[in-house]
Structures are given as structure tokens and as C-alpha cells.
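Just below is one structure, and these are the notes that go with it.
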Amino acid sequence: MKDGGSGRLRTVSPVDGRVLVERARADEREVAAALGAARGSQRAWRRRAVAERAALVARAVEAFEARGPAIAEELTRQMGRPIAHSPGEVRGFAERARHMLAIAEEVLEDVVPAPRAGFLRFVRREPLGVVLVLAPWNYPYLTAVNAVVPALLAGNAVILKHSEQTPLAAERFGEAFAAAGLPRGVFQFLHCDHDAVARMIRSPEIDFVAFTGSVEGGHSVQRAAAERFIGTGLELGGKDPAYVRPDAPFEHTVENLVDGAFFNAGQSCCGIERIYVHRSVYDRFVEAFVAKVKEYRLGDPLDPASTLGPLARARAADFVREQTAEAVASGARALIDPRGFAADRPGTPYLAPQVLVDVTHGMRVMSEESFGPVVGIMPVADDAEAVVLMNDSRYGLTASIWTADADAALALGAEIETGTWFMNRCDYLDPALAWTGVKDSGRGVTLSRLGYEVLTRPKSYHLRVGV
């Protein structure tokens with residue numbers, strides 16, 4: 001993305017470097033109008049029954065799905081994911097939305113304590129008001145749906161501000177809700193700059209901010225909200241580790257860890273960026289892992305045969321190249337020859353996958369989020385060493401263990417500082433489970449019944465009756 005001047009945004013496609021989208025940014029008057037419309041419409045929206053709100057949201061999901069193939073291709077053009085993979089985001093959007101729809105009435109019903117003679121007592125979950133959702137480009141629908149759908153179902157109005165790399169995602173949300181007949185003002189999107197976002201967060205019309213993005217972006221949100229008593233949900237970065245034990249199901253482990261590291265060109269907050277392998281299977285694992293990586297095809301993401309596309313921006317690819325070069329200069333060995341991937345071109349978003357060994361935690365590639373197609377692999381002597389290394393990070397979004405021993409997995413999981421602990425899988429969000437992070441991976445919760453709690457406030461009713 002680059003500024004087109006005169007308050008306009010331009011989205012440059014990583015596929016071919018062409019300007020794909022150009023839009024006017026909202027000015028102060030338009031932002032103020034959106035905030036006023038959200039506040040006004042929410043008063044009526046909150047009074048509707050949960051079932052009625054759910055019926056409208058369900059129709060929006062159906063309208064979105066009906067345009068699935070076009071949305072998938074459009075997504076590929078905006079951020080570069082291979083067209084062979086983009087339809088999965090449409091399916092994931094529907095899966096998460098329908099799960100939150102399925103549990104809404106039960107989760108949002110009144111909480112009633114044990115009866116007490118002469119009293120009517122209950123706790124009602126009330127909507128917060130207006131929720132501002134700030135969504136990223138890497139999974140523009142999957143990240144946004146986590147907050148947008150439950151916020152609406154809970155009776156809030158929503159304003160969505162999407163990344164300027166994927167502005168069409170916000171527009172498709174808007175079209176789906178309009179097609180479903182959602183009342184005007186209940187859901188809106190804005191194309192605006194960071195200063196406008198900060199002003200919105202500071203304004204009294206916003207009652208909660210759901211942000212997904214970088215650690216730096218999370219700090220910006222917190223600074224803007226610092227003088228107000230509103231909640232913020234922050235899903236930030238990751239440097240997610242995996243540990244391979246000697247008893248791991250070998251072929252399954254290799255295949256899934258390669259996918260976990262390189263799907264979406266490594267541009268996933270919960271992608272695998274560090275792998276620790278028990279020394280007894282280390283050499284065999286590395287050999288098999290490298291062989292699997294070499295099967296990837298880097299190329300035009302609109303070609304169905306491509307399994308690896310460009311990064312969203314050339315500067316992101318350059319950052320990964322810098323991390324890799326620094327590691328090699330410090331003693332790491334790169335096991336993939338970029339010349340085996342003809343589309344790899346320095347200075348462009350097209351970057352070959354890379355596997356590094358002889359790495360240490362003194363290297364940025366093992367400590368800072370890469371957000372690209374590179375992974376470091378280290379041998380470990382035992383479970384204890386693996387735990388120490390996995391926890392040696394300022395991040396804590398997900399972590400995974402690969403083993404046949406579920407009891408050992410559970411015991412080790414208790415020691416790992418992470419929001420989600422996987423066994424024999426990775427890089428996946430189950431909408432029935434809380435999505436959360438620790439340390440610099442953020443705070444708050446989306447998905448599951450717990451995701452509704454941060455989008456509502458408890459209000460206690462204590463009535464003395466029969467007086």
C-alpha cells in the first residue's frame with residue numbers, strides 16, 4: 001500500500017505490482033457521521049431478541065458464501081495467497097461465524113443464581129455499545145469475523161477498519177450485511193488513516209476496540225485508549241515454537257510442520273517459526289523436512305499450480321532476507337538453494353522458502369517475528385531443554401508438541417507459556433476454544449463462549465418482590 005495523495009489510499013497488488021484498488025479516505029466529517037450512526041442504531045439493535053439478530057447475521061453469512069469464488073480470487077490479488085488456498089478462508093469465515101451463531105442464545109441468556117425466597121435475582125449480559133474492529137491483511141476475513149459476528153450477535157454496533165492492503169475485505173463485509181437486511185448503521189466500515197483511528201478510539205462513541213496486528217500497533221491502540229476506561233482486545237505477534245519428541249508420528253509431523261511454517265508464505269501470527277527436535281531423530285527430521293519444502297512451487301498465485309505466493313509487500317520479503325543473511329553471517333546454515341525456485345527475485349515480494357540449522361537464540365531469526373517463509377531448527381537433549389527454549393521468547397500465542405504420548409503432552413503443556421497448546425497439529429483456530437495470547441502476543445479473548453464475555457458487560461438485577 002502507498003498513499004495516493006489527497007487523502008486517498010492505493011493498494012498495490014504483490015502479484016504484479018499494479019495498483020489494484022484506489023479509494024478516498026474518510027474525512028473527519030464522515031468519521032463523525034459513522035460514529036453517530038453507530039450510536040443511534042445500536043439503541044434499537046440491542047432491543048432485538050438474540051434470535052432475531054442471529055437470523056440476520058446468518059443471512060449475511062449465506063450472502064458472503066454465495067460470492068465465495070469471486071471473493072477468493074480478489075483476496076489472492078490483494079495479498080498474494082495462492083488461489084489454490086484462498087477458498088479456504090471463505091470456508092473458515094463461515095465455520096467460525098456459524099459456531100458463534102450456534103452458541104449465541106445459550107451464552108447470552110441471563111445467569112440465574114439459586115432461588116431465594118422473596119427475591120428475583122439474575123445477571124444479564126448487556127452489549128458494550130459500539131465496537132471498533134481493526135483487522136489485518138494476512139487473514140482479512142478470518143481475523144475480522146472473530147470480533148464482528150459475536151459483537152453484532154451480542155447487540156453491539158460495529159465499525160470495521162481494515163488494512164489498506166485488503167480494503168475490499170471490509171467492503172465485502174458491508175455488502176453481505178446490507179444484502180441480509182441489517183439495519184443501517186449497525187455495521188459500517190471506514191477507509192481511514194492511523195490518525196483517524198486514534199481519534200476514534202479517544203472519542204466517547206467507541207466502547208471497545210478489537211485489534212489484530214503487530215506489537216507496535218497494539219501499543220498504539222493502548223496509547224490512544226489510555227485516558228478512557230474502555231476495553232481493548234489485542235491479538236498481536238507470535239514466534240510460535242514446535243517440539244518434536246522421539247515418539248512423534250514421523251511422516252505426519254514433517255508434513256504438518258512444513259505446512260505450519262510455510263502456508264500463506266509464513267504470514268501467520270500462529271505459524272511455526274521455531275522447531276526443536278529431540279537429538280535422537282534430529283538428522284532424520286531435518287532431511288525429511290528439507291525434502292518436503294523443496295516440493296513447494298513458488299510462482300504466480302493466480303496459477304492453480306502455485307503452492308507458495310509472494311509476500312504481501314516487498315519490504316516484508318526484504319526483512320526476511322535480512323534476518324536470514326544475519327543468521328548465516330553468525331554461523332547458521334541455509335539448507336535451501338533459492339536458485340531452485342525460479343520466481344525468487346531479490347527486491348520483490350517473491351521469496352523462496354528457507355530452512356536454517358545451526359541457529360541460536362542470539363539470532364534475530366529465532367527471537368523476532370519473521371512473518372515470512374523461514375524457519376530455524378535446533379536439536380534438544382530432552383523435554384526439559386525443549387521447555388526452556390520454547391519459553392525463551394517475548395511471545396506466547398501458540399505452541400505445539402509432536403508425540404504419541406498424550407499424558408506427556410499434557411504435562412509439558414502446563415509448563416509452556418502460551419495461549420494455545422497443540423498436540424500433533426498447529427496453525428489452526430478451533431472456534432469452540434478461546435483464542436488468546438500471553439506476553440507480547442497480546443491479551444483478551446476471541447471465539448468460544450469466552451469471546452462473548454469481552455463484548456458484553458454484566459448487569460445485576462436484584463428485585464425484592466411480594467413486599
Picked from the stretch 206-259 (must be surrounded by 20 or more Cβ atoms within 10 Å (Cβ to Cβ) and charged (D, E, K, R)), the residue nearest to the chain's Cα centre (by Cα) is E235
So, in the stretch 158-193, how many residues would count as being out of contact with any Phe, Trp or Tyr (no Cβ under 7 Å at 6 or more places or on another chain) and small (G, A, S)?
5
Among the residues of the stretch 171-197, write down those that are within 23 Å of R315 (Cβ to Cβ) and of a type in the set (A, V, I, L, M, F, W, C).
C192, V197
Would you confirm whether or not the stretch 87-96 contains a residue that is farther than 22 Å from A178 by Cβ and in contact (Cβ under 8 Å) with a residue 24 or more places away in the chain?
yes
Checking the conditions here, which among R345, R315, R274 is assigned to a loop (DSSP other than H, G, I, E, B) and within 29 Å of the chain's Cα centre (by Cα)?
R345
Collect the residues in the stretch 42-82 that are closer than 21 Å to L168 by Cβ, in contact (Cβ under 8 Å) with a residue 12 or more places away in the chain and of a type in the set (G, A, S), keeping them in residue-number order.
A60, A63, G68, A72, G80
In the stretch 140-168, which residues are under 17 Å from E95 (Cα atoms) and of a type in the set (G, A, S)?
A144, A147, A151
Can you tell me which residue within the stretch 183-197, out of those that are within 21 Å of the chain's Cα centre (by Cα) and not in a loop (DSSP other than H, G, I, E, B), is surrounded by the fewest Cβ atoms within 10 Å (Cβ to Cβ)?
H194
In the stretch 367-467, which helices (runs of 4 or more DSSP H) lie fully inside it and hold 2 or more residues that are among the aliphatic types (A, V, I, L, M)?
383-391, 406-413
Quick test of your reading of the structure: D392 fulfils all but one of (1) without any contact (Cβ under 8 Å) to a residue 60 or more places away in the chain; (2) of a type outside the set (A, V, I, L, M); (3) buried (at least 21 other Cβ atoms within 10 Å of the Cβ); (4) touching a His at 6+ places or on another chain (Cβ under 9 Å). Name the failing condition by number.
(3)
Single residue of the stretch 73-106 satisfying the filter (out of contact with any Gly (no Cβ under 7 Å at 6 or more places or on another chain) and in a loop (DSSP other than H, G, I, E, B)) that is nearest to T143 (Cα to Cα)
S86
Quick check: anything in the stretch 20-28 small (G, A, S), touching a residue at least 24 places away in the same chain (Cβ under 8 Å), assigned by TED's automatic domain parsing to the domain that holds E109 and in a strand (DSSP E or B)?
yes
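The values are calculated or read from the model by the stated rules, or taken from the named source; none is laboratory data. Since the model is a prediction, treat every value here as computed from it, not as a measurement. Neighbour counts are summed over all protein chains in view; Cβ atoms, including those assigned to glycine, are modelled from backbone coordinates with ideal geometry.
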